[in-house]
Each structure stands twice: as structure tokens, then as C-alpha cells.
1. When residues of the range B:542-553 are filtered for being part of a loop (DSSP other than H, G, I, E, B) and surrounded by fewer than 21 Cβ atoms within 10 Å (Cβ to Cβ), how many remain?
2. Quick test of your reading of the structure: B:Gln246 fulfils all but one of (1) open to solvent by 30 Å² or more (accessible area, probe 1.4 Å); (2) polar (S, T, N, Q); (3) assigned to a helix (DSSP H, G or I). Name the failing condition by number.
3. Just to be sure, is B:Asp596 modelled with pLDDT under 95, open to solvent by less than 30 Å² (accessible area, probe 1.4 Å) and not aliphatic (A, V, I, L, M)?
4. Among the residues in the range A:249-265, are any farther than 23 Å from A:Thr194 by Cα and crowded, with 17+ Cβ neighbours inside 10 Å?
5. Identify the single condition in (1) more than 30 Å from B:Tyr683 (Cβ to Cβ); (2) modelled with pLDDT under 95 that B:Phe432 does not satisfy, given that it satisfies every other one.
6. Output the number of residues of the range B:70-112 satisfying the condition of being part of a loop (DSSP other than H, G, I, E, B) and open to solvent by less than 40 Å² (accessible area, probe 1.4 Å).
7. If I filter the range B:503-517 for residues that are open to solvent by 40 Å² or more (accessible area, probe 1.4 Å), within 29 Å of B:Met438 (Cα to Cα) and in contact with a helix residue (DSSP H, G or I) (Cβ under 8 Å, 6 or more places away or on another chain), do I get at least one hit?
8. Take the range B:135-166 and flag every residue that is at pLDDT 95 or above, of a type in the set (Ser, Thr, Tyr) and part of a helix (DSSP H, G or I).
Amino acid sequence: FYLTPPQVNSILKANEYSFKVPEFDGKNVSSVLGFDSNQLPANAPIEDRRSAATCLQTRGMLLGVFDGHAGCACAQAVSERLFYYIAVSLLPHETLLEIENAVESGRALLPILQWHKHPNDYFSKEASKLYFNSLRTYWQELIDLNSGETTDVKEALINAFKRLDSDISLEAQVGDPNSFLNYLVLRVAFSGATACVAHVDGVDLHVANTGDSRAMLGVQEEDGSWSAVNLSHDHNAQNEHEVERVKMEHPKSEEKSLVKQDRLLGLLMPFRAFGDVKFKWSIELQKRVVESGPDQLNDNEYTKFIPPNYHTPPYLTAEPEVIHHKLRPQDKFLVLATDGLWETMHRQDVARIVGEYLTGVHHQQPIAVGGYKVTLGQMHGLLTERRARISSVFEDQNAATHLIRHAVGNNEFGTVDHERLSKMLSLPEELARMYRDDITIIVVQFNSHVI
Amino acid sequence: AVGMFLRLLSDVRWRAANPKWRRMTCCRRSTSSTAEPHPISLPAQAQVVICGGGIMGTSVAYHLSKLGWKDIVLLEQGRLAAGTTRFCAGIVSAARHVSIELKMADYSNKLYQQLEQETGIQTGYMKTGSISLAQTQDRLISLRRIASSLNVMGIPCEIITPKQVAQLHPLINIHDLVGAMYVPEDALVSSANVSLALATAASRNGVQIHERTSVSHVLVQKGRVTGVETDRGQIRCQYFVNCAGQWAYELGHSGDEPVSIPLHACEHFYLLTHPLKEPLASSIPTIVDPDGRIYIRNWQGGILSGGFEKNPKPLFTEGRNQLEIQNLQEDWDHFEPLLSALLRRMPDLEALQIMQLVNCPESFTPDMRCIMGESPTVRGYFVLAGMNSAGISYGGGAGKYLAEWMVNGYPSENVWPLDLKRFGTLQSSRTFLRHRVMEVMPLMCDLKVPRWDFQTGRQLRTSPLYDRLDAQGARWMEKHGFERVKYFVPPGKDLLDLDQSKTFYKPDWFDIVGSEVKCCKEAVCVIDMSSFTKFEISSTGDQALESLQYLFSNDLDVPVGHVVHTGMLNEKGGYENDCSIARLSKRSFFMISPTDQQVHCWAWLKNRLPNDSNLTMEDVTWKYTALNLIGPRAVDVLSELSYAPITPEHFPSLFCKEMSVGYANGIRVMSITHTGEPGFMLYIPIEYALHVYNEVMNMGQKYGIRNAGYYALRSLRIEKFFAFWGQDLDAFTTPMECGREFQVKLEKGMQFVGQEALLEQKQNGVYKRFTMFILEDHDTDMDLWPWWGEPIFRNGRYVGKTTSSAYSYTLERHVCLGFVQHFDEKTGEELVVTTDFINQGEYEIEIAGQRFQAKAKLYPFSSLFTHRRRKDEVELSGYQRE
């Protein structure tokens, strides 16, 4: 059986979201025109998360994709909390004071972030108080530290990542009297998540990456063609520097056991991640927390299991690698996506597909036979392919959806094959994960008039 | 392609024979004509100036010179045959739906065939035949209809099986075909060379041809052409012929006195390939695959294939006067559906190498028929343009008819379907044209089913009751831009979608119209008939009566308040118009004509009424809303609304009175219904329309009043054997031929136009006779419905064609109206048709190849319909139109 094109569309579009930066006086003064995002689950429930927000007390926009593993709890927590940590890290001393005073005296708080959320993107209500207290502790410490220096974005990003991961770890160790929350903080700490976050402020683009999601810049060359520039490095076994780093951090005796079958300790694909306390805590701490934890935790084989050759923790960090890029007029868009996309598509194809989508089909070069030898059959093949490309463009109003359509449905000729698309989308839940991973994509479009 | 076109440009053998016509070889590549010296200056004056050196202009010049006119100048802004003519596909095919188009194509074919011999110029004429394919049964019916009319015209044609198609053309995939039509005499030509051959022959006959001369505008004085202004000076002339193709519209609008020529260009694509490995035989038939929207012909051993896509690209909407059509951009993506259709039809062509995709704009018109004839506003201004991509098929015949028209005052065939005057100025809006041609171009390949209406450019002219009627379920058709109700869909009843409702069989509205007809017969119905053309003619003295008495065939010197049915005849006694005229006062007349007469009748009368400031004619069409109150209870409704006695004694048939209806005063009421049923026409000043309509509907409720539409009217009038102008009657039909001698004042000793011709017919008899046929063995539910144009057979021999048909709900039979002729069995000569000849035959009507027995009648069933009416009354009201 096959899904009809409308059925395919309703699956593909279920999670799509678009945001357009509002214009003032008919002009958009921001370097960001807006963004399109979308998710296609393979796991049930999906373990990927995404976030987007505008910083209200400083300038800039934050966008991020989060790929969870061993459940979605950690990815969910990071998607809710990380941007607050970043925003707070970026705030000047006076603003932090103002906020703290407001909280102290019970006055209304200055809003820090304006979120751009799809209705399916939720925040945990139960944990909000707990999360807020942790955040407040963080800014109180920042106030006490008062370095007096202007905040460096790179440093702020690194601090925010590290602080959030440490808070996740601490909350799990301390526990919570509320049994639901207690179980929640433990699940967050024992599951893991990678994060790839972009901060755009004018022409300054920072990408902070932890793990194997990826940020890619779409560049339009002078001849109109599209190329891709990586703005992150994958933290996995394929990255020599990463393998090198891990080896440096542990005694030589562990060299052989550190990376096995391209996994950390033979278990974990990403070499950096939030949560995953099993790769961070000492064996004693793990045992103590699990034993004192709720029954659900005790019954879980995974949490009780200690990784082999576990001698000198921590083996894992949430510290991001930050890349700074000054935007140029030819930089048209940024793609943030979890590894579900990059496993199926080369970045060069991603750049071309999104570039052609954003500039519209009318830029498709007209075909001219000229002096070439072309047969009717060849021409027909070429035209049907072009038409297929055009029709799938017309179906999508969202660049991320368009990209997912290609990622899932592309045939060997690089064009969307409805039959294939239909097959891939109608896989039963238990099989889907074998053929594809969760895919989460954010496509940020830059404003060439401002840059 | 380039090779083919260059060849014709270098073909100079014939040029030497003609010193009057010199090519400006020096400036051939130049795009500006003004900068170049012209060795031969333009004449100061000529009888005729033709603008346009394509197939149309050269054909008109050729035929005019054949008819003996010699003082002719043909002006071409670029080079001869360089516009659409140069690029057109060169297919000459008689497979046409409209009979006049079929005749033009047939003549063109015969003309082109002998042109090479006549002129010595190679025209590339090759009799290949053509095969039109049918992928569906409906398409096959459509082809059978064409085949049926080709056969009776003596043009060989047969319906063949898919297997026979494969035998005629080895490359065709026949798996999805249900049949095809083979026309063996269809031909291919090099259209540019045909045009040059015509030019050469015309030139030898004295026509002067000047290239690189463009007409800027036409000079007009007192409504007559006096000359043309060109970029090389002025030429005085009596006649101007606009054959400017896709630029005809702009040229028409360039003068002080604009001439509206409604056409618009669309891009048209076709493909040229290199020869096949085994080059196609030059005699291989041309393939037309209308369901695939394509045509495929042999081209130098390869193929030439183009088509009419669903999403045409109109161009030059804003106007763009350019010298010649430069080869416009190829658009392969746009051509993709046609290429798919081609490869589906001929899969073996996959490996064939492409040479070029040619983009050649074609002109299209609002109704898919070409435009010819004289301007209604400027005398001596003739037009031949808008060929809807069949220019080469029509070129010869169209040029001939137009030349006859100019020389004799009328063409030798009825060309009303093509007459420029069928359009009004309302069709010359660029927006309208752009939208309409986007509908027309795809229609070239769509199925032509009965009762099809255009969907674009609608709601242009409407009655003030439009919204009221629409809310009551009205379904609309359009005539001359005016919205008219076809029928009313009762609440809760659904009809098929437009596309699904296309059928050659019983339509989905059958029962709906049936109940409207029943209501007309038994109670009373209202039909909004506001679209009819209405003129008022009045004078200070007797001028109006005197002029009208001469221009109309029936006696108009009747007592005030009488209505007269009369023809407006031409010198040959043929109907130029058929109308009702009410005498409002001694000196003023109110004239009602068919909707599409608005331009034609106005021009006809304007040109013939004396130029007298005391005689005025006014078009009051827009001033009145016309409601037709039909049925036996109409008299009750009207008398209750007016408090006036409406009995036959006070208000006999064919009477006109001004009276009040409800609160509204000054309603012109006439005791005619255009159907032969009892009832009244109400001519209501438009501001009272809604009031009167509401009053009539309220008062009529107790008499069972309901709305009805034109389909009901049509059924009523056809079963009553009423001819209508534009379909049954035309400029080649006289009152004598349709049993209307009683509408002619032959005995009164008065002079009128057409009198001599009618007197001669009265003495010698007529050569055709309007006859009514009742289909006998026709199953309304199962059989194909007649439409019009079906051949009539008498004792197995072809004697004529039907002109209209309808289902009669009273007779429960189909009724066809048509003309019967009498051809000598041996010589084919036309003989006089007598009443005995009509009555003593066994008749059959052929619908798409299938013959049905029919009973012929020369008089309507009078007693069958109403007991109260006498026969002479029925005959007196014998008048109807659509």
C-alpha cells in the first residue's frame, strides 16, 4: 500500500514551524530574516528537541537542535534550560542585579527570552520551579563574581553549557522530595543529549557544538551555485582531534579501551554530551544514587549497568566547541540539524537544495539545446526530473520540510521519489529506527540587505 | 529550421520576372527600415492597400487580382512571409468542426496543390493525409461527426481501427487507441513558400509589393477609409485590408477611428528533430493526437511535433510592435507535457536527436473562429486575421471569401460565423482577451461537445436581475457578452461538474428543462430576455417609415400599437437580420433583434439610412430589461398587476401597449413570446426591473409561476418549427425558402431591398426548403443526441444539413430543423425543391455516422399543442430566434 501525496504531506508537515522576524517601517533591520524548522520522528517518542528564541535583554537570536539518547528526558531539559543559561551568561552585571532585585522583592521579572515554539514543543511545568532555582543560583554567583569585563559570547556559551550540565548532575545527586521530580531529575541525568546552538547578533555568528549534530552555512557563489561551509566539528570517533582529546585526558593504560567500535568505551557514539552521568560520575556515586533512587530506577538494567573499563571518570564533557564567523553578503542561510539528516545527505546537496528552494524555482536555469546532441528520451528524462523538483518545492512552504522530503525520499538521481518517500514514512514504529534516525532541522535565513 | 527558412529567402528565380517588386537585399539584416534607402517609392494612391505580407495578405492580394482588381499595394513591415507564416507548421487539414472552416480548408488544399504549376515556385506541397487519433469513445464520436460532414462534402475520409493506424504509420503506439479518422487528401506545405508563390502570382497580376514599409495608421474621413500613413509616406486609397496577424489589434487601434479586432497572441511551441536513422518517408501521414494535445508531421526525414498545452503563455498583452518575430525563447519545461505525449505516442523516437524547439506566437480569438469582414465603424476597412493556429489551412479560402466580399459586396458563402461584426467593442479589452485566449488555446484539443460555454471573461453584461436569478439556482450561458439563464437548478438538486457534464448523449439537465417546459405549457413562466438588441428609430416626419419600408421586407405601415415580424434582407433576398418591429407612434418604431445583431444590424442600418438629421436611430438595448411571461396563465398575472383588461379583444396577438405593472408605469408590453405559446414580453425601464419582477413573482404564485431559462425556450420554439437568425437563417436564406412569404409585402407594390430576388423565387421556385424533422427510431436515453450540422438523407441520398435541434417534451421526440436541397442524380446540379419533393421522400438524419429515420414536415403541429388556437394564428406568430 502507498500513502497518497496528501497523506505524505500531512506526516511531513505535522511539526513544521516558521518564524519571520517582524519588520519595522517595512524594513527588517535584523540580520536574520526568519527561520523554518521541522522534525520527523523515527523513535517513538521522538528523542530530538529543538529551540529558538530571541534574547530580549541583549541583542541576538538563539537557535538550537538537541539529539537525545537513552530517552528524551535530557534533550527535553536542555531544550528548555540551555538558552536561559546562555542569556544569563550574556547579561551585563546591572541587568543581573535588576533581575535579582525583582525576584527578591517579588516584582515582575524582566523577560529574558521570547520563545518561538511549535505547539508540540512543550516545557515541563512541574520542574519549572526547580529549574528556576538552579538558574537563580547561577546568576547570583555571576553577580558575586562580577568580573566587570564585557561578556565575551564565546566564553558565555562555554560557561552556560558547562553550568547547565553541572546543575543537571547536582540536581540528580541531591534529589527532590517530590517523587515525580525526583524521578525526573534522575532520568535527565542518566539520559543524554547533544546540542548544537547558534547565536546570531548582527554579523556575528557563534556556533557552540557539543556532540554530533552539525551547523552548516549555505554560501552562494558568484556564479549563483551553492556551496557549504561547516561551522561545527562532529564530536565522535570520526574526528581525530576528538579521539586525541579523549586519549589525552586518560592514562595511557586505557588507550585501547577508550574508543571501541567507534564508540566511547564501546558504548556511546557522541564524544561530548549533556547528562550521561554514567560516563561522568564515579562508580560509587552511581551506585549510591541508584540504590537510594526510586524503584523504577533500580529496576532499570541500563542505569545499573556500569560501562566496562571504567577507571578514571569523567569520560564525557558537555563543554562545547565554539566557532565564530562574521557573516558576509554571500552567506545566505544556516542549517542546524541532528545527525539524522547528515547521515543521509551530503552537506553540498543540503546547500544546493535549500539554496534553490529559498531563491525560488524561477531561478532554475532554462534548458537550451544549443549545439549539443540531445535525444528526445534524454530531454524527457531531464524535464521530468526538473518537474518533480519543482512540484515538491511547490508542496513545501518550509525549507526544513523541503529538506526532510529530500532526505527521506531522494532516489539515486537526487530527486524526490514519491514511492520511496511513501515507503519510508509508512514504516511501522518498531522498524522506522532501523531505516532512519530522528531528523530535526532549523534553516535560518540571513538578511543580505543588512549584512 | 534555419535551413528551411534560408532556402526560401535565397529563392530568387521568380523575382526577376517582376520588376515592380525589389527586395532590399542590402538591408536584410537591418532591424530598422527607416534608415535604409528604398529604391522604389510608394505610389501616391491605390484602390486597395493591404497591410501584412503573410499568408493572409498575400492570399487576399492573389484573389483580388484574380477577380480583376489590379490597383493594389501590399505593404509588409519586414519581409514577406516572415511572421507567424514563416514559422507555422504547414499542415493543411480539412478536419474541422465548423462547416465554413471546413470549406475554406478544402479550397486552400486545392489551391495550394496547383500553385507550383501556376507560379513555378516550389511550395513543398505533399499530399500525405492525416490521421486523427481517438483515445476515448467520446473523441471517436467527435471524429465521426467530422467524418460525416467531410463525406457529404465529397472529401474522402474514413474512420479506421487502431490496427489500420499501425499499417499507415509504423511508429505509432496504438495500445491506448479506440479508433481514428483518416483524411487521405490532407497535405503538408512550406507555408512561407506558399505565401511567396501567392505574392508572385499577385505581383504578376499587377499587385505592387513593398517590403520594409510599415503602416502607422489608417486615414479615415466621414467614416470611410481615405488612405494610409506609412513610415515612407502616405498612400490614398478606398480600401484598406488589415492582415497584420498578431499586430492587427494594435494597428486597428492606432488610427483616429479605432477598429476593434479582438485577438491576442499566445506562444506556440513545436519541436524539430534530426532525421531518423531510417528517414521517414515524405508521404507518411500527419498525426493529430488531440487527447495527447499534439500533432506530429514528417519534417525532412525527422519529425515536427507541437501542440496546444493546457497552460498557454499569452504574450504581447501590453502590445509590442516589433518588425518580425525573432525566435522567442525556447521553454523546454513548458513543453514537457507535450514531449511526454509525443514519446507515449511514438516510443521509438526516444533516441532521436533534437534539432530545435521553435517558439512561434499564434493569434487566438475569443471564440476560436477567425476574424474577417468589414469594420462596422469604418467603411472600406477590411480585416482578415486571428487564425487560431490554422492560418495555412484557412489561408486560401479565407483570402478568396474576403476578396469576393470586397469586389462583389458579399462572399459566396455564409461567413457570419467569422464576421468581425459578431464582436462588439466589449470584446476588445486586453484583459478580457488575455484571459479568454488562455481558455481558447487549450480548447483547440478539447472535446467539442454540444452546449459548451466559455468560462472566462464572463459576467460582463448582466441584467439587473442577475443576482436574484442566480440566487434561485440559475445556470448561465453567455451570448455577445451577456449572461443568460440556461435553466434553474431546483434547491436540493445537484448537477454534474462542468467537466463531467460534457456529453454527446442525454444531458443531466434533461428533467429540469422538462419541468420548465411543462410549466410554460400549463401555467406560466418568466424568462429574462434582456440580452436582445433593441433599437428605436424615429423621425420628425415620415422619414422613418419610408426608410424602414424600403429596408424591411414586411409592411410596417400598420396602425400604431401593432407589432410586425419582418426580415431585413439583402439584395439577394437573404436575411441580414430577422426582427420584430413595434410601431410606437406614427413616427417612431421599436425594433427587437437577436442579441448578436447589435453591431451588425447597427452598421447595416447606419450605412443605408439617409443622412438626415431629422431621422434618428438609438441603441436602447441597455435601457430595458425584458421579461418574457409565457404560458396560459400569463394573461391572469398581467391583468391582476395592471388592472387593465387583457382579454384577446382588448389585447390581441402582436400588439404593443404601454401600461403600468404594480407601481411602475410606462412598461412596454407586447403580446409576443418568441415561442408560439401565449403570453407577453415586458420591456421594463431598468430601474423598475426588480420591482416588476418581484410583483410578477408574487402575483404569479397562485398561478404556479416559476423561473425558466433559454433551454426551455429553445425546446418550445423548435417544436413549433420557428427558425432563428444566426443558426437557421442567414444571409443566404430567403423568406420564400422557409415558408415566410406571408411576412413579405410582395403584393403591395412597394419597393424594398431584396424584392427582385424574392419575386424571381416566387416565379421559379426555391432551391432549398426549410424543413422540420421528427426523429422516429431515436432512443433519447441511449442514442447520441442531434446537435446541428447533421447530414440529411432523402431516399439514401444527401440533400442537406440540419441547422438546429431540440428535444420536444410535448412530442417526446427529437426535432431537427434543416434545409433540404434537390441535387440532380446524374449531374449534381441543384434543382427546384417542391412541396411534393419534400413530402414524397424517406428521410434519415446521420448523427456521428449513425442514421436515424425521420419524418419531414413543412408546417408545425398546430392542433397538437393547443385547442384554442387557430392555425393561421400559429403561422402569424411564426417567428423565433435564439
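1. Restricting attention to the range B:542-553, the residues satisfying the condition of being part of a loop (DSSP other than H, G, I, E, B) are B:542, B:552-553.
Filter again for surrounded by fewer than 21 Cβ atoms within 10 Å (Cβ to Cβ), leaving B:542.
Residues meeting the conditions: 1.
2. For B:Gln246, the exception is condition (1).
3. Numbers: modelled with pLDDT under 95: yes; open to solvent by less than 30 Å² (accessible area, probe 1.4 Å): yes; not aliphatic (A, V, I, L, M): yes.
It is true that B:Asp596 is modelled with pLDDT under 95, open to solvent by less than 30 Å² (accessible area, probe 1.4 Å) and not aliphatic (A, V, I, L, M).
4. Just the residues of the range A:249-265 that are farther than 23 Å from A:Thr194 by Cα, to begin with: A:251-256.
Now narrow it down to the ones that are crowded, with 17+ Cβ neighbours inside 10 Å: A:254.
Yes, that holds for at least one residue.
5. (1)
6. Filtering the range B:70-112 for residues part of a loop (DSSP other than H, G, I, E, B) gives B:70-71, B:76-83, B:88-90, B:93-98.
If we keep only those that are open to solvent by less than 40 Å² (accessible area, probe 1.4 Å) too, we end up with B:76-83, B:88-90, B:93-95, B:98.
So the count comes out to 15.
7. No: zero hits.
8. Answer for the range B:135-166, where residues must be at pLDDT 95 or above, of a type in the set (Ser, Thr, Tyr) and part of a helix (DSSP H, G or I): B:Ser142, B:Ser148.
The values are calculated or read from the model by the stated rules, or taken from the named source; none is laboratory data. These numbers come from a predicted model, not from an experiment. Neighbour counts run over all protein chains shown; Cβ positions are idealised from the backbone, glycine included. Ligands, DNA and RNA are excluded from the accessible area calculation, which covers all protein heavy atoms including side chains. Shrake-Rupley method; radii C 1.70, N 1.55, O 1.52, S 1.80 Å.
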